[in-house]
Each structure stands twice: as structure tokens, then as C-alpha cells.
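Have a look at the structure below before the remarks.
Bear in mind that the values in this text are calculations on the coordinates, not laboratory data. Everything quoted here is computed from the prediction, not taken from an experiment. Here the Cβ is made from the backbone with ideal geometry for all residues, glycine too, and neighbour counts use every protein chain on show.
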């Protein structure tokens, strides 16, 4: 049985919850959780190191690293495979 998900400190309110390619009909989508969006924002947009990001989200550095890898893989898949990106509320 998996451990229950710990509450994470997320400081960003989303303006929209889906990104869809305009050039072709999108049959598939990937789903990003809010903590994955927060991880990308803190590390890739704000250029904070992983320890600082983990501290801000109130999680361990190793957990932050797993979230970041997962979110990057999903975004890369969406961009390369032309899938829409939905953000899970």
C-alpha cells in the first residue's frame, strides 16, 4: 500500500488548467499535478537550487527531485508527441 501524499506548500494560483496545440486535433493529453507545476516554476523559471525549492514546498530534496523529473518527462512527451497538457486541480 502506498504512503499517503503529504500536503505540499504551493504558492502559485493557476490562471488556466489546459494547454492544447492549435495546429492539429489533439487526441491524447498528459496530466500534470499542481506540485509538478510548482516544481518546474521554482527550479526552471525562478532558477532556485533543489534544496531551496524543496524547502519552499516543505518536502525533502529527494522528493522534490522525483517530482521535477516526472514533470519534465511529461512536458517533453507532450511537446514531442503533440499532446495537450492538463493541470490536475
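Can you pull the semi-axes for segment 36-81, root of five times each eigenvalue of the Cα gyration tensor, sorted largest first, whole Å?
On the way: eigenvalues 79, 23, 9 Å².
Computed over segment 36-81, the values are 20, 11, 7 Å.
Figure the gain on full extension for residue 55 and residue 86 (residue separation times 0.36 nm, minus the Cα-Cα span) and round it to one decimal in nm.
Details: separation 31, 0.36 × 31 = 11.16 nm, distance 2.61 nm.
Roughly 8.5 nm would be gained on extension.
Output the peptides 63-70, 38-45 sorted from most to least packed, where packing is the average of other Cβ atoms within 10 Å over each peptide's residues.
Details: 63-70: 17.4, 38-45: 19.2.
Packing proxy ranking, top to bottom: 38-45, 63-70.
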